[in-house]
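The values are calculated or read from the model by the stated rules, or taken from the named source; none is laboratory data. Keep in mind the model is a prediction, meaning the values are calculated, not measured. Note that we place each Cβ from the backbone using ideal geometry, even for glycine, and neighbour counts take in every protein chain shown. The protein model used for the area step is the full one, side chains on, heavy atoms only, and it has no ligands, DNA or RNA in it. Shrake-Rupley method; radii C 1.70, N 1.55, O 1.52, S 1.80 Å.
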Amino acid sequence: MHAPVVLALPPFAYASSRLAGEAALRTDDRVAAATRLRRLNRVLQATVALVGVFVVTDSRLDDAVAAAIPGPTALSTFGALTGTVVIGGLLPALAVHLGTRPAWAAVTGTATDYVATARRYVTFAALFIAPAFFVVGAW
């Protein structure tokens with residue numbers, strides 16, 4: 001039951017953010033458009049990440065990842081946590097971020113570079129999430 005939701009969440013997040021980006025551009029004021037776009041981006045990223053983490057945690061994928069990792073229980077639990085955060089939270093949020101890039105490029109007048117955007121996003125997310133993984137790993 002949850003597998004279709006897990007698979008459909010990143011494309012749905014991307015399409016939703018493209019539509020939200022287009023809606024944010026429906027003003028002549030560039031500052032207002034940028035503010036709307038930034039807010040929509042944050043709200044959509046938080047929403048899809050929370051939904052994704054919940055769905056992956058409630059699915060069989062979480063248990064399958066834990067069972068597939070050999071070794072101590074702590075290692076398999078850490079692997080399941082990593083899979084939950086990456087598959088459920090990071091990928092859908094990245095899809096939202098990439099979906100709003102064309103609208104952001106229209107507001108700022110710059111070209112859209114998806115590779116550099118994804119690289120920056122993953123780097124920032126890794127730096128943001130690393131302390132939590134350190135605490136869980138130490139625990």
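With the requirement that a residue be open to solvent by 60 Å² or more (accessible area, probe 1.4 Å) and in a helix (DSSP H, G or I), what does the stretch 59-78 give you?
Passing the criteria: R60, L61, D63, A67, A68, T73, A74, L75, T77, F78.
How about the stretch 15-58: which of its residues are of a type in the set (D, E, K, R), part of a helix (DSSP H, G or I) and over 20 Å from L94 (Cβ atoms)?
Selection gives R30, R36, D58.
Taking the condition of being open to solvent by less than 50 Å² (accessible area, probe 1.4 Å) and either out of contact with any helix residue (DSSP H, G or I) (no Cβ under 9 Å at 6 or more places or on another chain) or of a type in the set (K, R) (or both), how many residues in the stretch 105-129 meet it?
The total comes to 2.
Just a yes or no: is a residue in the stretch 95-104 open to solvent by less than 20 Å² (accessible area, probe 1.4 Å), aliphatic (A, V, I, L, M) and modelled with pLDDT under 90?
Yes, the stretch 95-104 contains a residue that is open to solvent by less than 20 Å² (accessible area, probe 1.4 Å), aliphatic (A, V, I, L, M) and modelled with pLDDT under 90.
What's the total number of residues in the stretch 98-124 that are farther than 13 Å from L25 by Cβ and not in a helix (DSSP H, G or I)?
4
Test each condition in (1) open to solvent by less than 60 Å² (accessible area, probe 1.4 Å); (2) touching a residue at least 60 places away in the same chain (Cβ under 8 Å); (3) over 30 Å from F134 (Cβ atoms) for Y14 and report the one that comes out false.
Answer for Y14: the failing condition is (1).
Has the stretch 79-89 got at least one residue that is farther than 22 Å from S16 by Cα, among the hydrophobic types (A, V, I, L, M, F, W, C) and open to solvent by less than 40 Å² (accessible area, probe 1.4 Å)?
Scanning the stretch 79-89, I find at least one residue that is farther than 22 Å from S16 by Cα, among the hydrophobic types (A, V, I, L, M, F, W, C) and open to solvent by less than 40 Å² (accessible area, probe 1.4 Å), so the answer is yes.
Residues of the stretch 36-45 being within 13 Å of the chain's Cα centre (by Cα) and open to solvent by 50 Å² or more (accessible area, probe 1.4 Å), which ones?
R42, V43
Just one of T47, T27, T77 is modelled with pLDDT of 90 or more, in contact with a helix residue (DSSP H, G or I) (Cβ under 9 Å, 6 or more places away or on another chain) and among the polar types (S, T, N, Q); which is it?
Of the residues listed, the single one that is modelled with pLDDT of 90 or more, in contact with a helix residue (DSSP H, G or I) (Cβ under 9 Å, 6 or more places away or on another chain) and among the polar types (S, T, N, Q) is T47.
Can you find a residue that is of a type in the set (D, E, K, R) and either under 26 Å from A138 (Cα atoms) or in contact with a strand residue (DSSP E or B) (Cβ under 9 Å, 6 or more places away or on another chain) (or both) anywhere in the stretch 93-111?
The answer is no, given that none of the residues of the stretch 93-111 is of a type in the set (D, E, K, R) and either under 26 Å from A138 (Cα atoms) or in contact with a strand residue (DSSP E or B) (Cβ under 9 Å, 6 or more places away or on another chain) (or both).
Every residue in the stretch 60-73 that is touching a residue at least 12 places away in the same chain (Cβ under 8 Å) and over 18 Å from the mean Cα position of the chain (by Cα), please.
Result: R60, D63, V65, A66.
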